[in-house]
Amino acid sequence: MKILITGGAGFIGSNFIHYWTKKYPSDAIVNLDKLTYAGNLSNLRAVEKNPNYKFIQGDIADDKLVEKIFQEEQFNLVAHFAAESHVDRSILDPNAFIQTNIVGTHNLLRAALQNKTRFHHVSTDEVFGSLGKTDPAFNEKTPYDPRSPYSASKAAADHLVRAYFHTYGLPVTISNCSNNYGPYHFPEKLFPLFITNLLEGKKIPLYGDGLSVRDWLYVEDHCRAIDAIIKSGKIGETYCVGGNSEKSNREATDEILKLLGKGEEMIEYVADRPGHDHRYAIDATKIKNELNWEPTVSFETGLQKTVEWFQNNEAWWMHIKNGEYQDYYKKQYGK
């Protein structure tokens, strides 16, 4: 196959490219990425000289560019990862989220329809809103209830994808996934920020009382789930992907502290984010029963692997935290 992967220089997208090139080495991959602050081509050093890999710097919100790429490349599949994804940034400035997550997704859908291209859309459990302590976990029939500009923009994108299936017959699938963690995770998110701060001897900023709960999934397990959906998922269907690992932010923090030999004195409690969702949880029964997928990496094993990766790749995250990683883009792409 020839696959367009959008946002392939980001955290999950780059992990997916590594996964796919190893499992399907004869497939051709085109990575379209705008290279925002969260895009990092050093994530892809291992594949950048692969003859079946091609990088295009560009914005999915640019409809003319998207149309041109589809016409020139003739893809069999789109795996759409590209998104503005940081909730805090969406609260401060929603505009980029509307442009990328809604307008960009629509541009891709329109081009996919014109070129009869299979489309997989990678979404989030945040579109379903917030759960109470005893509420049942999200599943494919949970009503949408987004509560931040980020989750609202992803919800809109999900609806557009379904609309293109029902209205035009575009072959689509959607996955709504819980929180990922693992290698190449941009260090503004909880796990990589806390790990790298502790490696630098800095305190870690924990929101509110630390009792917000998230379901955590090791990123390679997410890649396996997307693979299963692309290969065997039913067209027009949505699949919820979860890690079966609900942890409060304080519990996750304590695990990180333990692995790095630090005490709770390294925690600095900070004001909670506005409208902070209390709990996310995923019921992944459908994908397990229909596609025989379930997570293979436990939270404890995955977190240890993640901590070790950041310990062994200090240059990678130091260049991000001091801004040096963007110098490469300025030289190569005039950014």
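In the set Leu65, Leu41, Leu77, which member is without any contact (Cβ under 8 Å) to a residue 24 or more places away in the chain and either among the aliphatic types (A, V, I, L, M) or under 19 Å from Cys223 (Cβ atoms) (or both)?
Working: Leu41 fails: without any contact (Cβ under 8 Å) to a residue 24 or more places away in the chain; Leu77 fails: without any contact (Cβ under 8 Å) to a residue 24 or more places away in the chain.
After ruling out the rest, the residue left standing is Leu65.
So which of Trp293, Trp216 ends up being closer than 27 Å to Leu92 by Cα, surrounded by 14 or more Cβ atoms within 10 Å (Cβ to Cβ) and of a type in the set (A, V, I, L, M, F, W, C)?
Just a single option satisfies the conditions, and that option is Trp216.
Just one of (1) more than 23 Å from Asp227 (Cα to Cα); (2) buried (at least 23 other Cβ atoms within 10 Å of the Cβ) fails for Lys64. It is (2).
In the range 1-33, what residues are of a type outside the set (A, V, I, L, M) and buried (at least 22 other Cβ atoms within 10 Å of the Cβ)? Write out each step before concluding.
Quick first cut of the range 1-33, residues of a type outside the set (A, V, I, L, M) only: 2, 6-8, 10-11, 13-16, 18-27, 31, 33.
Across the range 1-33, the qualifying residues are Thr6, Gly7, Gly8, Gly10, Phe11, Gly13, Ser14, Asn15, Phe16, Trp20, Asn31, Asp33.
Please pick out the residue among Leu109, Leu113, Leu92, Leu65 that is touching a strand residue (DSSP E or B) at 6+ places or on another chain (Cβ under 8 Å) and hydrophobic (A, V, I, L, M, F, W, C). It would help to see each step written out before you state the result.
Working: Leu113 fails: touching a strand residue (DSSP E or B) at 6+ places or on another chain (Cβ under 8 Å); Leu92 fails: touching a strand residue (DSSP E or B) at 6+ places or on another chain (Cβ under 8 Å); Leu65 fails: touching a strand residue (DSSP E or B) at 6+ places or on another chain (Cβ under 8 Å).
The conditions single out Leu109.
Of Ile56, Ile17, Ile5, which residue is in contact (Cβ under 8 Å) with a residue 24 or more places away in the chain, in contact with a Phe, Trp or Tyr (Cβ under 9 Å, 6 or more places away or on another chain) and assigned to a strand (DSSP E or B)?
On the way: Ile56 fails: in contact with a Phe, Trp or Tyr (Cβ under 9 Å, 6 or more places away or on another chain); Ile17 fails: assigned to a strand (DSSP E or B).
Of the residues listed, the single one that is in contact (Cβ under 8 Å) with a residue 24 or more places away in the chain, in contact with a Phe, Trp or Tyr (Cβ under 9 Å, 6 or more places away or on another chain) and assigned to a strand (DSSP E or B) is Ile5.
From the list Gly58, Gly39, pick out the single residue that is within 21 Å of Pro192 (Cβ to Cβ), surrounded by 15 or more Cβ atoms within 10 Å (Cβ to Cβ) and in contact with a strand residue (DSSP E or B) (Cβ under 6 Å, 6 or more places away or on another chain). Of the residues listed, the single one that is within 21 Å of Pro192 (Cβ to Cβ), surrounded by 15 or more Cβ atoms within 10 Å (Cβ to Cβ) and in contact with a strand residue (DSSP E or B) (Cβ under 6 Å, 6 or more places away or on another chain) is Gly39.
Which one is farthest from Lys203 (Cα to Cα), of the residues in the range 251-293 that are free of Cβ contacts under 8 Å to residues at least 24 places away in the same chain and assigned to a loop (DSSP other than H, G, I, E, B)? Before you say what the answer is, go through the steps one by one.
If we filter the range 251-293 for residues that are free of Cβ contacts under 8 Å to residues at least 24 places away in the same chain, which is where we start, we get 251, 254, 258, 261, 263-265, 288-289.
Right, trim to assigned to a loop (DSSP other than H, G, I, E, B) and you get 261, 263.
Numbers: Gly261: 13, Gly263: 10 Å.
The selected residue is Gly261.
Would you confirm, using the coordinates I've provided, whether Leu193 is free of Cβ contacts under 8 Å to residues at least 40 places away in the same chain and either closer than 27 Å to Ile256 by Cα or touching a His at 6+ places or on another chain (Cβ under 8 Å) (or both)?
Numbers: free of Cβ contacts under 8 Å to residues at least 40 places away in the same chain: yes; either closer than 27 Å to Ile256 by Cα or touching a His at 6+ places or on another chain (Cβ under 8 Å) (or both): yes.
Judged against the criteria, Leu193 is a match.
In the range 155-190, the residue that is nearest to Ala137 (Cα to Cα) out of those that are touching a residue at least 24 places away in the same chain (Cβ under 8 Å) and of a type in the set (Gly, Ala, Ser) is Ser178.
Values quoted throughout were computed directly from the atomic coordinates according to the rules given, and no laboratory measurement underlies them. These figures come from a predicted structure and were not determined experimentally. Every residue, glycine as well, gets a Cβ built from its backbone with ideal geometry; the counts of neighbours run over all protein chains shown.
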